[in-house]
Amino acid sequence: MTDKQADMANKSGPLQGVKVIELSHIMSGPVCGMMLADMGADVVKVEKMDGDDARRFAPILSHGESASFMMLNRNKRGIALNLKTDGGKAVLRKMLASADVVTENYRKGTMEKLGLGYDTLREANPGLIYCSISGYGRTGPYADKGGFDLIAQGLSGLMSVTGEPGQAPIKAGSPIADINAGILAALGISAAYAHRLRTGQGQIVDTSLLEAGFQQMYWAAANFFAIGENPPKFGSANPTSTPYQAFRTQDGWINIGAANQANYERLLQVLDAPEIAGDPRFATNAGRTAHRDELVERLTVYLMRDTTQRWVERLDAVGLPVGPVLAISEAVSHPQIVAREMVVQTQHPLDGPTRSIGLPIRFSETPKCTGGPAPRLGEHTSEVLAEYGFDAAHVRELIAQGAVHALEEGATVTA
């Protein structure tokens with residue numbers, strides 16, 4: 001057993017011992033795989049011969065690795081297969097015959113064309129959990145279309161409520177449909193695994209970027225269902241409570257959550273603004289919401305008199321929900337982010353210490369598994385194939401056929 005195999009066998013976490021084959025690329029599927037790996041699963045990432053397209057996303061680090069790829073593929077092992085060859089498909093079939101989970105985010109029908117659709121795979125492995133992450137799901141009139149985060153954000157209605165009033169449609173600053181689809185997939189896989197423990201049966205887990213975007217519309221859809229009108233854009237404000245939004249300060253921005261009457265009154269006490277307190281237009285939440293622009297303008301005059309940090313300290317002291325609007329450089333070093341170990345560091349063999357975002361879930365009895373860095377292309381091909389019974393000569397033959405790519409031919413294969 002190699003050191004890497006020993007590490008995988010000793011992984012901690014609630015999914016320890018679960019074998020996952022990741023056929024996913026770019027973002028949604030890799031997010032799912034990273035979460036499963038962080039919870040203890042042994043995730044083997046299967047890439048095409050020239051690698052996941054995310055390997056070419058900027059910025060590229062000094063040794064040719066993509067920062068984007070390294071962020072989402074931490075804690076996985078990596079192999080490269082040519083699924084256009086019989087040898088590559090044979091290798092994958094053998095791996096899937098004993099896998100617990102396979103994830104893929106190809107267009108509908110791609111796996112079937114390769115002879116690797118769910119109906120085929122479950123004949124050899126009835127307990128297999130097959131997770132499909134697509135643009136629009138496996139059913140419906142859009143099932144055959146490819147999906148992209150930007151398109152999903154627009155189609156889901158999310159862009160219609162994002163941004164300031166009067167602005168052109170704006171997407172969320174983060175690819176929220178992609179990321180949430182990966183989270184939903186990990187949730188679905190966990191539920192399907194619980195079902196398999198009870199029944200022994202595998203199943204298809206099916207989610208999409210569109211559904212991941214539409215799920216974010218809970219409040220906006222609730223308002224529409226209630227009054228039958230499309231909710232307008234409110235920027236950082238809340239359509240139901242005021243003031244509850246970002247305000248400009250002397251040196252930046254601050255979020256203030258004075259959503260109820262008590263907190264509104266605390267805010268005015270700290271600001272020492274009796275003339276605002278005495279304005280009948282702002283006496284109730286309904287009045288404040290109806291006259292939001294006027295209230296925000298008057299509150300901003302006060303908030304511009306001091307810095308974000310000073311206001312945070314004063315408002316925090318009276319128990320008002322408050323926080324600065326941080327840049328990423330500030331967020332990664334915030335003491336609460338640090339305390340929750342949300343920035344983790346791994347040691348990459350070429351680029352040295354690399355940081356990434358950690359697992360946002362804590363378990364009292366089954367610690368998370370941070371593990372190692374993202375794999376280099378084909379880094380574990382020989383090692384993984386050896387685990388599935390391919391001896392050194394067979395691996396060399398597959399490499400010569402162009403069926404697999406190994407980073408270091410035969411380096412970890414034992415005859």
Problem - Residues being within 14 Å of Leu377 (Cβ to Cβ), in contact (Cβ under 8 Å) with a residue 24 or more places away in the chain and not in a helix (DSSP H, G or I) - total across the range 65-97 - result: 9
Exercise for the section: Please tell me if Gln215 is part of a helix (DSSP H, G or I), farther than 18 Å from Gly163 by Cα, at pLDDT 95 or above and open to solvent by less than 70 Å² (accessible area, probe 1.4 Å). Expected result: yes
Fill in the blank from the handout: Gln201 fails exactly one of (1) open to solvent by 80 Å² or more (accessible area, probe 1.4 Å); (2) assigned to a strand (DSSP E or B), namely (2)
Practice task
Evaluate the range 369-384: report whether one residue or more is without any contact (Cβ under 8 Å) to a residue 60 or more places away in the chain and either over 25 Å from Ser68 (Cβ atoms) or surrounded by fewer than 14 Cβ atoms within 10 Å (Cβ to Cβ) (or both).
Solution key: yes
Practice task
Tell me, please, whether a residue that is modelled with pLDDT of 95 or more, open to solvent by 10 Å² or more (accessible area, probe 1.4 Å) and of a type in the set (Lys, Arg) can be found in the range 2-23.
Solution key: yes
Handout entry: When residues of the range 62-90 are limited to those that are open to solvent by 60 Å² or more (accessible area, probe 1.4 Å) and modelled with pLDDT under 95, the one nearest to Thr120 (Cα to Cα)
Key = His63
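Yes/no per residue for (1) of a type outside the set (Val, Ile, Thr); (2) surrounded by 13 or more Cβ atoms within 10 Å (Cβ to Cβ); (3) farther than 15 Å from Ile256 by Cα:
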| site | (1), (2), (3) |
| --- | --- |
| Pro280 | yes, no, yes |
| Arg292 | yes, yes, no |
| Arg305 | yes, no, yes |
| Glu313 | yes, no, no |
| Leu326 | yes, yes, no |
| Ser333 | yes, no, yes |
| Val338 | no, no, yes |
| Val343 | no, yes, yes |
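Go through Ala181, Ala168, Ala221 for me and flag whichever is in the same structural domain as Gly140 (by the TED database) and in a helix (DSSP H, G or I).
The unique qualifying residue is Ala181.
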Handout entry: Any chance Leu271 is in contact (Cβ under 8 Å) with a residue 12 or more places away in the chain, open to solvent by less than 20 Å² (accessible area, probe 1.4 Å) and out of contact with any Phe, Trp or Tyr (no Cβ under 9 Å at 6 or more places or on another chain)
Key = no
Fill in the blank from the handout: Among residues of the range 232-254 being open to solvent by 70 Å² or more (accessible area, probe 1.4 Å) and either in a loop (DSSP other than H, G, I, E, B) or not charged (D, E, K, R) (or both), the residue nearest to Pro169 (Cα to Cα) is Pro232
Fill in the blank from the handout: Expected output for the range 159-186 (first residue closer than 28 Å to Asp42 by Cα, partner part of a helix (DSSP H, G or I) and among the charged types (D, E, K, R), Cβ below 8 Å, 6+ apart or cross-chain) is Pro175/Asp149; Ile176/Asp149; Ala177/Asp149; Asp178/Asp149; Ala181/Glu211; Leu184/Glu211
Completion exercise
Of the residues in the range 334-380, those that are of a type in the set (Asp, Glu) and within 21 Å of Val46 (Cα to Cα) come to Glu379
Fill in the blank from the handout: Over the range 393-411, the set of residues modelled with pLDDT of 95 or more and either open to solvent by less than 10 Å² (accessible area, probe 1.4 Å) or not in a helix (DSSP H, G or I) (or both) is Val395, Leu398, Gly402, Ala403, Val404, His405, Ala406
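The values are calculated or read from the model by the stated rules, or taken from the named source; none is laboratory data. What you see is a predicted model, and the numbers here were worked out from it, not measured in a lab. Backbone-built Cβ (ideal geometry, glycine too); neighbour counts: all protein chains shown. The accessibility values were calculated without ligands, DNA or RNA, using every heavy atom of the protein model including side chains. Shrake-Rupley method; radii C 1.70, N 1.55, O 1.52, S 1.80 Å.
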